[in-house]
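Just so it is clear, none of the values below were taken in a lab; they were calculated from the coordinates. Worth saying up front: this structure is predicted, and the values here are computed from it rather than measured. No Cβ is skipped: glycine too gets one built from the backbone with ideal geometry, and neighbour counts run over all protein chains shown.
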Amino acid sequence: MSRKSPNFTVPIATGLTALLLTACAGEPSDSVVSAAAQEGPLTVVAGCEDFAASMKPGGDVPRCEPGQPAPKPLAQPATIVMNLPAGFEFGAPWYWAKDTGEFAKENLTVEIQNLPSSDAYTLAAQGKLDFACSGPNAPMYNAIAQGFDIRWVTGLTATPDSSKSGLWARKGTTLKDLEGGVIASAAGAGSASVYPVDRMLEKAGVDLSGIKVESVGAADMKQALDSKVIDAGIFLDPRWVPLEESGGYEFLGSTTPPGESLLGCIAGPSFYQKRDAAVAFLRATSRTINTTFAGDYHADKEVVGRLARLLGTTPDELVKTPSLVFDLLVRSETSTGLQKTYKKTKALQYDELLPDDRVIDRTVLEEAHGVRFAG
């Protein structure tokens, strides 16, 4: 399939337990994160004058001109090892940049591994993996609270308004009807997709704390809904398409809203220990997005054909759903909102919410574009 659910069906508790057992816990006293950050004002990179965007959720997606930021080859060759679960369309910029030589223009080699997100968290915390993409799910927060030196460094994707990736229920169901019921996500109560559901319910006067959030695999979600095991489920690309085509289901709202990426990528100590390479890596990533994936790339047959080959799918399968919106900026209120939701679902293993500077680091993204994000 062209797009699998980004809420990977790895056991959340198991993944976190593995992380806690294999990396040293306790609040870090000598974090390498941001230690080498460039201080003071930055010089805006040519072609990226409009990259700075509102930090508020729902703001514009920051973009540079096509072909920008331009390559600045490293003086010495370097390697970045990253993790992307195989076949997911949100990995398009990295597969594309590797295939088209954008990383090579930076004198950079990028090795892509395909591991479960639970393994990726562990390896990043140990400094054995530089960069890993997943959802900012509850296990990430629990790991950081335990003292693991990893940070959420970039956003990733959202979907356009034309997408119906989100919360679905049986025909005639309203958000109010979910009060006291059961909803499901592929990654359960610790899934980032539950956060926008929380906001939907709140607007409808329903408290998520009174709803049971179950873990149901994406392939089994429709059957669970049809058999009334659950009252609603989160169906992401392309799982929602058959529901819309049948006409027998109710779309209650998007869980991948534009202007706030609820997927993202984390980095560990090794990423920051080779900071110049890290900046080059995000520079090439952004350049690839600005050049190839800034608009409706599904309308370009050449792009679709090449991307389908890289993802191991077919062009027809790829275009069943709208083009993704790639958005590298982690917004200012998102992390706190996610944690508040996870407290309601009892997915957090700590009490006091973590501040943004314990969770998020935007400095490498800022240096790649010569901007400072504010407000």
(message) Compute the distance from the alpha-carbon center of the range 199-230 to that of the range 292-309, in whole Å.
(response) 33 Å
(request) State the extension gain, in nm to one decimal, for the chain segment bounded by Lys346 and Val319, taking 0.36 nm per residue of separation less the distance between their alpha-carbons. (result) 6.0 nm
(message) Using only the alpha-carbon atoms, what does the chain span along each of its principal axes? Please give whole angstrom values in decreasing order.
(response) 60, 51, 35
(request) State, to one decimal in nm², a quarter of the convex hull surface area for the C-alpha atoms of the range 168-237, i.e. the direction-averaged projected area. (result) 4.3 nm²
(request) Go ahead and set up a Gaussian network model of the chain, Cα springs under 10 Å, then flag whichever of Gln223, Gln68, Gln349 fluctuates most. (result) Gln223
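Multiply the residue separation of Glu333 and Met55 by 0.36 nm, subtract the distance between their alpha-carbon atoms, and state the gained length in nm to one decimal. Present the calculation step by step, with values, prior to reporting the outcome.
Numbers: separation 278, 0.36 × 278 = 100.08 nm, distance 0.81 nm.
Fully extending the segment from Glu333 to Met55 adds 99.3 nm.
Could you tell me the calculated FRET efficiency between Lys301 and Arg170, based on Cβ-Cβ distance and R0 = 41 angstrom, to the nearest 0.05? Please list the in-between numbers first.
Values: r = 38 Å, r/R0 = 0.92.
It comes to 0.65.
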(request) Starting from the exponent 0.38 and prefactor 2.2 Å, build the expected Rg for the range 138-274 from its residue count and divide its actual Cα Rg by it. (result) 1.14
(request) Can you tell me the FRET efficiency between Ala204 and Asn114 if r is taken as the Cβ-Cβ distance and R0 is 35 Å, rounded to the nearest 0.05? (result) 0.35
(message) Quick check: net charge around Lys203, other residues with Cβ under 14 Å of its Cβ, Lys/Arg +1 and Asp/Glu -1?
(response) -2
(request) Please work out the C-alpha center-to-center distance from the range 121-178 to the range 329-352 and express it in whole Å. (result) 11 Å
(message) Below 11 angstrom from the Cβ of Ala78, what's the summed charge of the other residues (Lys, Arg +1; Asp, Glu -1)?
(response) -1
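Taking 0.36 nm per residue of separation and subtracting the Cα-Cα distance, what length does fully extending Val241 through Lys128 add?
Details: separation 113, 0.36 × 113 = 40.68 nm, distance 3.83 nm.
Full-extension gain reported as 36.8 nm.
How big, on average over all directions, is the shadow cast by the Cα convex hull of the range 59-208, in nm²? Can you show the working numbers first?
Values: hull surface 48.5 nm².
Here the figure is 12.1 nm², rounded to one decimal.
Using a Förster distance of 30 Å, how high is the FRET efficiency between Asp357 and Thr43, based on the Cβ-Cβ distance and rounded to 0.05? Please list the in-between numbers first.
Numbers: r = 24 Å, r/R0 = 0.81.
That pair, Asp357 with Thr43, gives E of 0.80.
Longer than 22 Å from Cα to Cα, which of Lys222/Lys346; Lys72/Lys274; Lys72/Lys128; Lys98/Lys320 are they? Say none if no pair is. Before the final figure, lay out each step's value.
On the way: Lys222/Lys346 25 Å; Lys72/Lys274 15 Å; Lys72/Lys128 26 Å; Lys98/Lys320 25 Å.
As for pairs spanning more than 22 Å Cα to Cα, those are Lys222/Lys346; Lys72/Lys128; Lys98/Lys320.
Give the percent of DSSP beta bridges with both residues in the chain that are antiparallel, rounded to the nearest 5.
Working: 19 of 34 bridges.
Counting only bridges with both partners in the chain, antiparallel ones make up about 55 percent.
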